[in-house]
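Note sheet for the following structure.
The values are calculated or read from the model by the stated rules, or taken from the named source; none is laboratory data. Because the structure is predicted, anything quoted here is derived from the model rather than measured. With ideal geometry, Cβ positions are generated from the backbone for all residues, glycine too; neighbour counts draw on all protein chains shown.
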């Protein structure tokens, strides 16, 4: 298509949208393969001393800081070289990961593999989401991100369960490495042959807005240039605009939950005698519910708004974390994981949709990159903080209480400082 014939809308670009959904499914596979087997067997397979919670958390700390930084870089880079090239760079960066897992002589090599995973996730997940937002109409953004996160986190859940069984059948290292290699090679081929550049859609949208043809007028910030610098966008999203700040701090804090599920859920369950395959199911339930429910919550926010869904999602997700410590059976732990999944489904696509609502198409990729920088920095900050808390308490349960309290406090900040961003429900 030429710029003159580009038409926004999921239905109008269904083929490319489906290819992008496959991409984020494979992105989910890549992170999901690291979430069940690796933490649970950190001491027996990779030599991490028992109760060394800060050392155990090190690989997620590295992941969070690297992924957060690459999210920021990806957003800015995609506006100069295009979304498809950044996506391909992300998959190439992942190629050494299976080999590192297979032959790692110590935990330090797992940390290195996770650094590469952070590069991969920062570039690929950012671009799969940004490309969908390029294609979708403004009244489809919640649904588009819901579909994106549904596909990604269904991938996380499937990979966690499959690698749990592969570890039993093939051995921990071989099972994860084989799954990872197949996923990454498939993703590279799919990117080269099936993914088209979507940056022209953003250019067309910017021209329509400038001509007053974009329908409902979003509440774009006034205190920013038409073609802002990197620093200008960074400061706007981080603190200069109260609405951006409220959403960004919530995004950072909700990643504490995902870091907890990644690092401490498998350890907590393994020490309570739960098998590796059943750990995969408990952790997988969280991701399945999170992923599947987003099909509803993303569409709900397009009709009824983002703000209240985001606030209640923070509170419900925190309640699910706290309930993990109340129950002492697999059924109860599965229910708690599912409740956290419901909360995440309410907030996760709609925090991103809120950022997209009030970001001008000229700098939307950069704004999303800044938001995702802070959001995924939450992995590193949360994992480090919960590791320190657990070390101080001498028990993994301290990390659970820290995360639950953080979610409640952040939800209150979002409620007070945020507002509805949907351009139809709260136009300029």
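Let me confirm something: among 298, 332, which residue is assigned to a helix (DSSP H, G or I) and either under 20 Å from the mean Cα position of the chain (by Cα) or buried (at least 21 other Cβ atoms within 10 Å of the Cβ) (or both)? Spell out how you get there, then give the answer.
Details: 332 fails: either under 20 Å from the mean Cα position of the chain (by Cα) or buried (at least 21 other Cβ atoms within 10 Å of the Cβ) (or both).
Among 298, 332, only 298 is assigned to a helix (DSSP H, G or I) and either under 20 Å from the mean Cα position of the chain (by Cα) or buried (at least 21 other Cβ atoms within 10 Å of the Cβ) (or both).
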Revision key, fill the gap. So, first residue on the phi > 0 side of the Ramachandran plot and surrounded by 24 or more Cβ atoms within 10 Å (Cβ to Cβ) in the range 126-138, second residue at pLDDT 95 or above and not in a helix (DSSP H, G or I), Cβ within less than 7 Å, six or more apart or across chains; the pairs are none
**Study point:** Selection status of residue 116, closer than 25 Å to residue 348 by Cβ and surrounded by 24 or more Cβ atoms within 10 Å (Cβ to Cβ)
**Key:** no
Practice item. Kindly establish whether residue 9 is in a loop (DSSP other than H, G, I, E, B), in contact (Cβ under 8 Å) with a residue 60 or more places away in the chain and closer than 29 Å to residue 205 by Cα. Key: yes
Practice item. Check off (1) modelled with pLDDT under 95; (2) buried (at least 24 other Cβ atoms within 10 Å of the Cβ); (3) closer than 30 Å to residue 204 by Cα for residue 90 and give me the number that stays unchecked. Key: (1)
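From 289, 342, grab the single residue that is within 24 Å of residue 413 (Cα to Cα), free of Cβ contacts under 8 Å to residues at least 60 places away in the same chain and part of a helix (DSSP H, G or I).
342
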Exercise for review: Please verify whether the range 140-151 includes one or more residues that are more than 30 Å from residue 310 (Cβ to Cβ), touching a helix residue (DSSP H, G or I) at 6+ places or on another chain (Cβ under 9 Å) and modelled with pLDDT of 90 or more.
Suggested key: no
Exercise for review: Check the range 211-229 and report whether any residue there is touching a helix residue (DSSP H, G or I) at 6+ places or on another chain (Cβ under 8 Å), over 30 Å from residue 170 (Cβ atoms) and part of a helix (DSSP H, G or I).
Suggested key: no
